[in-house]
Structures are given as structure tokens and as C-alpha cells.
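Colleague: This is the structure I want to talk about, given as C-alpha cells.
The values are calculated or read from the model by the stated rules, or taken from the named source; none is laboratory data. Note that the structure is predicted; figures quoted are calculated from it, not measured. As a convention, Cβ positions derive from the backbone with ideal geometry for all residues, glycine included, and neighbour counts pool all protein chains shown.
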Amino acid sequence: MRAAVLHAANDLRVEVIADAPAAGAGEVRLKILLCGLCGTDVHEYASAPVMAPLEVRNPRSGHVGPMVLGHEFLGVVDQAGAGVRLSAGTRVVAGAGVWCGTCEQCARGRTNLCDNYYTFGLQANGGLSEFITVPAEMCVEVPEGCSDEDAVLAQPVSIALHAIQRAQIGAADRVGVIGAGGIGSLLTVGLSSTPNRGLVVFDIDASRLATAERLGAQTTVLVPRTAEEAQAQAQKLADSFDVVFDASGTRAGLSSALGLTRKGGRIVAVGLPSAAIEFDSRSAVIKEVDVITSSAHVCAVNLPDAVALLARRSIHSEIVDRVVPLENIVSEGFADLLNRTATGKVVVRITGREHNRAQEQFTEGCDQ
């Protein structure tokens, strides 16, 4: 089967590898339709090995050596193993993360923190391939009314919904989001359907803020690029929000979140910093601000909610910049994401659905 295999930094090859194994008990083999790329994939491609076990065997997945990337995948069940209720031909999205179900964190329902957790596409062969075999319990059926282009967004949407769930937002809360990029946009989508007193999105890019408005932000704020203007704006808006999500993963973003949050409010750190950053814990203590972190998603809870959201609201036209064929994943995908000429998410088309030619024509149009 064809797959995009990472061999080293800046060395991703579309090549033929061994077929995915037959589905065992509790497993499904999927024929992959689409697979999204995210910032984690770009970082892995440019700087590997980061999480990918290219040189040292991962103790949880057992993988070592060149690896297929891709953890945001949509597919059709090609084969179902014993004890699986999903039947061949069923369209599904997968959470990609594997949990053991027996450790203390799993017993508490926090499967994203499983002691034995690993992710397809990050620590084991992923979804940038024609087929993949995964546990059936991580898969959620996609309703017929939800397009492929929306459904492939379910895994990243579930991450946003998990962060929103952890924030415990009330109807009287004023909410801010710092950063209107990938995860910030999806937070905006999720928060726009959550009762609150107002949703404000901050970014340094006016075009991203325009997208945020279309996705449901009630107000957007363009952050000045000069330090003096940014400081003046921060002072004007200080202590204005009950809950602030930092989707930037930067020192400046987290610092701004603290300044914007009122006494007794909450900061939710969602963006993942590339390295350790400083944080003014003294001010946080004085203001008694709760600092909440959010990692990945609880598959059994957040992924079905994400699919339900995407089934009732199409967002791909605002989120996805392009759909590219697997053969062009480097030239039209990773290269343009690295040089920032891709203005939104890049989705890779692996195979088509013979019974839905209309959707294939749509994705072909996106490639032009």
C-alpha cells in the first residue's frame, strides 16, 4: 500500500510499504479517505525525531524506525474483527490515541492521560496511508449528512471541546481566546455554541480575525505588533474576562491571558509550547486565578460530540485551505505550511469513495 513515510527531518517519502494487518478481535481495518495535517506534524517533519520513534523504540507502541505520519484520519471500515459492531463500509473517524483501559487514569475516565498512551501517526504508523488497523473503540461513525471534508476535522475539534469542557464555562462568563490559528479557530467554533456572556478573539493577523468572526466570535481584537501599543491595549482590557484560553502556546500569549483574566477567573492553556516558558505565578496567586491545562481529548466523550457538531454545522470552508493528493504532500502540504503560504489547514486525500462521486469532485476542485 502507498504511504507517506518519515525517515528523518525533511525526509518524507511517498512509497509502497507492507499492507496494514488484518483486523483482529476488537479492531477494524480502515481504508483511509482523508487525513489532516496539523502543527505537530509540521514540527515532526521539520525537526524529526521529536515524538516519532525513528531511532529509539517506543516502549508503548513498540515501533522503531521510519514511520507513517498522520493522526487526523477519516476512513471506511474495510474489515471488522471479532466483537466489533461496526460493519464493512461504515464511514468513521478515529481518535488516534490508544489507551489501555486498566491503569488508574483510565479507571477515572481520563483516558487521554493513560499510563500506556500512544498515538497513531506520532508513535506508531498513522493515517497517511491507504489502510490502517486500529482499535474499534477509538472510532466513531460519521452520519451520512456530514461531508468528508468536515468529518476529517473531528479529531482536532474534539481537542477543542475537551479544553472547553475543562473550563466549565457559565452563562455569565465573558470568554477570551488568544490566537486565532488552528486550535484557536476550533475553540471559537465550540465556544460559539456554548452559553456565555460574550466571546472575544485576539490575534495579530486581521485575516484570521475575519475568519474568527465568521466562525462565531462576537468581537475580535487586533493585537498591535509594537510593544508599546500592545502594552497600552493590555492595560485597557486588564481584568475583563472570566475565562481566557491561550491557544498560542507562547510566553506572550500566556502572559496576556493572565493580564486579561479577572480576579478569581480561569486561564486554560491549550497551545503547546515548543519549550519551557516563564509564567508570572506571583500575579496569578495574588489574583487567585485558576490555571487549567488541557491535553488531547477523552475519545469516548469528546469525539462523538465533535462528530455531532460537524454534522449540524459545516466549517471546512473556513478551516481548510486546500485538499492535496498524497503524492503532493511535501510540495503542496508541508512545504507551504512551513513557509506559511497555506493560510489554513491542509488535508491530504488518500483514496476516494466510489459511491459518492460528488464529494470526490469537490475535493478535486479544491486541488486546483
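Colleague: If residue 303 passes every condition in (1) closer than 30 Å to residue 143 by Cα; (2) in a loop (DSSP other than H, G, I, E, B) but one, which one does it miss?
Modeller: For residue 303, the exception is condition (2).
Colleague: For residues that are touching a Leu at 6+ places or on another chain (Cβ under 8 Å) and assigned to a loop (DSSP other than H, G, I, E, B), scanning just region 277-294, find the one that is farthest from residue 160 (Cα to Cα).
Modeller: 280
Colleague: Next up: If you take just the strands (runs of 3 or more DSSP E) that sit entirely in region 1-88, which of them hold at least 3 residues that are closer than 23 Å to residue 154 by Cβ, free of Cβ contacts under 8 Å to residues at least 60 places away in the same chain and not aromatic (Phe, Trp, Tyr)? Working first, answer last.
Modeller: Working: elements: 2-8, 11-16, 27-36, 72-80.
Those strands (runs of 3 or more DSSP E) span 72-80.
Colleague: Give just the number: which of (1) closer than 19 Å to residue 321 by Cα; (2) touching a residue at least 12 places away in the same chain (Cβ under 8 Å); (3) out of contact with any strand residue (DSSP E or B) (no Cβ under 7 Å at 6 or more places or on another chain) does residue 212 not satisfy?
Modeller: Of (1) closer than 19 Å to residue 321 by Cα; (2) touching a residue at least 12 places away in the same chain (Cβ under 8 Å); (3) out of contact with any strand residue (DSSP E or B) (no Cβ under 7 Å at 6 or more places or on another chain), only one is false for residue 212: (3).
Colleague: Oh, and also: Collect the residues in region 306-316 that are of a type in the set (A, V, I, L, M, F, W, C) and in a loop (DSSP other than H, G, I, E, B), keeping them in residue-number order. Steps first, answer last, please.
Modeller: To start, the set of residues in region 306-316 that are of a type in the set (A, V, I, L, M, F, W, C) comprises 306-311, 315.
Hit for region 306-316 is 315, nothing else.
Colleague: Moving on to the next point. Restricting attention to region 148-168, which residues are under 12 Å from the mean Cα position of the chain (by Cα) and farther than 18 Å from residue 346 by Cβ? Give the derivation first.
Modeller: So the first thing to find is which residues in region 148-168 are under 12 Å from the mean Cα position of the chain (by Cα), and the list is 152-163.
Correct list: 158, 160, 161, 162, 163.
Colleague: Condition first: closer than 24 Å to residue 296 by Cβ and surrounded by fewer than 20 Cβ atoms within 10 Å (Cβ to Cβ). Now tell me which residues in region 250-270 satisfy that.
Modeller: If the condition is that a residue be closer than 24 Å to residue 296 by Cβ and surrounded by fewer than 20 Cβ atoms within 10 Å (Cβ to Cβ), then 250, 251 are the ones that fit.
Colleague: Given the options 70, 26, 36, name the one that is more than 20 Å from the chain's Cα centre (by Cα) and not polar (S, T, N, Q). Break it down stepwise before answering.
Modeller: Numbers: 70 fails: more than 20 Å from the chain's Cα centre (by Cα); 36 fails: more than 20 Å from the chain's Cα centre (by Cα).
Checking each option against the conditions leaves just 26.
Colleague: Which condition number does residue 126 fail, the rest of (1) more than 18 Å from the chain's Cα centre (by Cα); (2) crowded, with 22+ Cβ neighbours inside 10 Å being met?
Modeller: It is condition (1) that residue 126 fails.
Colleague: Here's something else I'd like to know. Residue check: is residue 109 assigned by TED's automatic domain parsing to the domain that holds residue 60 and at positive phi?
Modeller: Working: assigned by TED's automatic domain parsing to the domain that holds residue 60: yes; at positive phi: yes.
Against the criterion (assigned by TED's automatic domain parsing to the domain that holds residue 60 and at positive phi), residue 109 qualifies.
Colleague: Here's another thing I want to ask about it. Among what's in region 328-344 and is of a type in the set (Gly, Ala, Ser) and under 10 Å from residue 42 (Cα atoms), pick the residue that is surrounded by the fewest Cβ atoms within 10 Å (Cβ to Cβ).
Modeller: Pass one, region 328-344, residues of a type in the set (Gly, Ala, Ser): 331, 333, 335, 342, 344.
Those still in the list that are under 10 Å from residue 42 (Cα atoms) too: 333, 335.
Details: 333: 25, 335: 15.
Here the residue is 335.
Colleague: Of all residues in region 92-122, how many are farther than 15 Å from residue 135 by Cα and either part of a loop (DSSP other than H, G, I, E, B) or over 18 Å from the mean Cα position of the chain (by Cα) (or both)?
Modeller: Looking only at that region, the number is 12.
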